[in-house]
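The values are calculated or read from the model by the stated rules, or taken from the named source; none is laboratory data. Model, not experiment: these values are computed from the prediction. Cβ coordinates were reconstructed from backbone atoms using ideal geometry, including for glycine residues, and neighbour counts include every protein chain displayed.
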Ligand code: ADQ
């Protein structure tokens, strides 16, 4: 998965070593025999972005998404992953349940996306919050143990996301000189939301142990500083946050994609073949596309309801437009996600029943991951992409769509609550995804847009996507981190 660093003849590594730490490794492991494994790439924003990062000698540390308790299994999986530059953290079932399904997915994820804390009866919530928080800390400690074991002097450790907010603190407890950065891929919510969390102070302090803290947008960084000043009484300064006599640097690093990977793949004969097939299949119809993990933050029901409204109000378009919604199921153990799946199926079934004919339906809904070639072909034949996240840290699907649109110049309808609205806003049609009428009107505007206008908007977004890449994002973060560490050392000397 990750490229080898290699050495110069004098033994000095060509590329700096980077330890990327995230909850999940970029691969999922499936056990085939006692000591044999198949490794499959997993879908997701962080994976897509870091695949584009080639300038470091990177190791990736994380959970392989599988329960392995026996020694033979752990050893063989460690070896299989090592060949891909990956190092596993083994989490037991109870920890996964309490830390991952519980505190991460049921508490932090909804809270950071403004969906609030769970609404069951308060007392049981408080009790389960306490045990899930304990499991969260325990899991973070397990990650810290593995990182510490593999850390070599000079390595840069880059911790990712809300799963690992305690990691900077635990790593610094092991070794105060370790270069530690932390980046949040989700929004950081308004301090008024964050302060409802019972463990609000501990979480903030744990993150503040990092040398550098990064966010996708200024708003998220501002919310974080407000939370620190209001909850901890720490001081916001131009470089970051000063807390208990120590400065944690804060900066904004909007993520991007490896745009070349997308533009190049479109030239491959097999992708051209896919494009031809899809074009023939949907001839005479405009294609609208949604690609999302099936998650409540992605606003999939809202998007489909807006499409229904559009069909309702524009009968002339009924047999001239199709919505393809690709929704890859995630977190399938969590009841909320199971409910969402049924809800989406129900709405799609109803609309297809209402507007479908014997030979065709207006919505093609797929509950699965698409291969990279298939996905790029689909992006490239799309006339209108619909990204209607209720909240989204950035949203890379919008970037990927733009990267694949150099021949078609399709239109992007983008939620104003996605971080990407701040970078692609000038080229996209921005919408409030909660306002079904507004989204329906945007669909009409996009489908009827003149070629000239589409060209202008596409050019703007394409220039952004191809210059603000994943590589640039990572380079910028790591170089800022080196600066932060040097600055901190100078301060100690003074
Ligand atoms: P995600 O919530 O996973 O990421 P997003 O940024 O849109 O959201 O990335 C999804 C990725 O998964 C894309 O690369 C997309 O191609 C892929 N994907 C989704 N559905 C797929 C399918 N059915 N088949 C194949 N591939 C599929 C989190 C945050 C985002 C933030 C990223 C990166 O929630 O806001 O942009 O991290 O920081």
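Tell me, yes or no, whether the range 351-359 has at least one residue that is farther than 27 Å from residue 448 by Cα and at pLDDT below 95.
Yes; the residues of the range 351-359 include at least one that is farther than 27 Å from residue 448 by Cα and at pLDDT below 95.
Just the residues that are surrounded by 21 or more Cβ atoms within 10 Å (Cβ to Cβ), in a loop (DSSP other than H, G, I, E, B) and at pLDDT below 95, please, taken from the range 179-206.
197
Taking into account only those residues within the range 325-355 that are over 30 Å from residue 313 (Cβ atoms) and more than 20 Å from the chain's Cα centre (by Cα), which is farthest from the ligand (Cβ to nearest atom)?
335
Looking at the range 371-433, what strands (runs of 3 or more DSSP E) fall wholly within it and have at least 1 residues that are within 9 Å of the ligand (Cβ to nearest atom)?
384-387
Could you list all residues from the range 403-421 that are within 18 Å of residue 189 (Cα to Cα) and surrounded by fewer than 16 Cβ atoms within 10 Å (Cβ to Cβ)?
The one that is within 18 Å of residue 189 (Cα to Cα) and surrounded by fewer than 16 Cβ atoms within 10 Å (Cβ to Cβ): 416.
Identify all residues within the range 248-307 that are part of a helix (DSSP H, G or I) and closer than 30 Å to residue 206 by Cβ; write none if there are none.
The answer is 296, 297, 298.
Can you name every residue in the range 434-453 that is within 28 Å of residue 301 (Cβ to Cβ) and not in a loop (DSSP other than H, G, I, E, B)? Don't jump to the end; show me each part of the working.
Within the range 434-453, the subset within 28 Å of residue 301 (Cβ to Cβ) is 434-449.
Scanning the range 434-453 gives 436, 437, 438, 439, 440, 441, 442, 443, 444, 445, 446, 447.
The rows are residues; the columns are (1) within 25 Å of residue 469 (Cα to Cα); (2) more than 15 Å from the ligand (Cβ to nearest atom); (3) more than 24 Å from the chain's Cα centre (by Cα).
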residue: 204; (1), (2), (3): no, yes, no
residue: 215; (1), (2), (3): yes, no, no
residue: 218; (1), (2), (3): yes, yes, no
residue: 221; (1), (2), (3): yes, no, no
residue: 231; (1), (2), (3): no, yes, yes
residue: 234; (1), (2), (3): no, yes, yes
residue: 245; (1), (2), (3): no, yes, yes
residue: 259; (1), (2), (3): yes, no, no
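From the list 194, 150, exactly one residue is out of contact with any helix residue (DSSP H, G or I) (no Cβ under 9 Å at 6 or more places or on another chain), more than 16 Å from the ligand (Cβ to nearest atom) and on the phi < 0 side of the Ramachandran plot. Which is it?
Values: 194 fails: out of contact with any helix residue (DSSP H, G or I) (no Cβ under 9 Å at 6 or more places or on another chain).
On inspection, the qualifying residue turns out to be 150.
Do the conditions hold for residue 301, that is, is it over 19 Å from the mean Cα position of the chain (by Cα), without any contact (Cβ under 8 Å) to a residue 12 or more places away in the chain and away from the ligand (no atom under 16 Å from the Cβ)?
So residue 301 fails the test.
State all residues of the range 317-336 that are outside any loop (DSSP other than H, G, I, E, B), out of contact with any strand residue (DSSP E or B) (no Cβ under 6 Å at 6 or more places or on another chain) and either closer than 18 Å to residue 297 by Cα or modelled with pLDDT under 95 (or both); if no residue qualifies, say none.
Within the range 317-336, 335, 336 meet the criteria.
Any idea which residue in the range 337-364 is surrounded by the most Cβ atoms within 10 Å (Cβ to Cβ), counting only those that are in a helix (DSSP H, G or I) and touching a helix residue (DSSP H, G or I) at 6+ places or on another chain (Cβ under 7 Å)?
If we take residues in the range 337-364 being in a helix (DSSP H, G or I) and touching a helix residue (DSSP H, G or I) at 6+ places or on another chain (Cβ under 7 Å), then 348 is surrounded by the most Cβ atoms within 10 Å (Cβ to Cβ).
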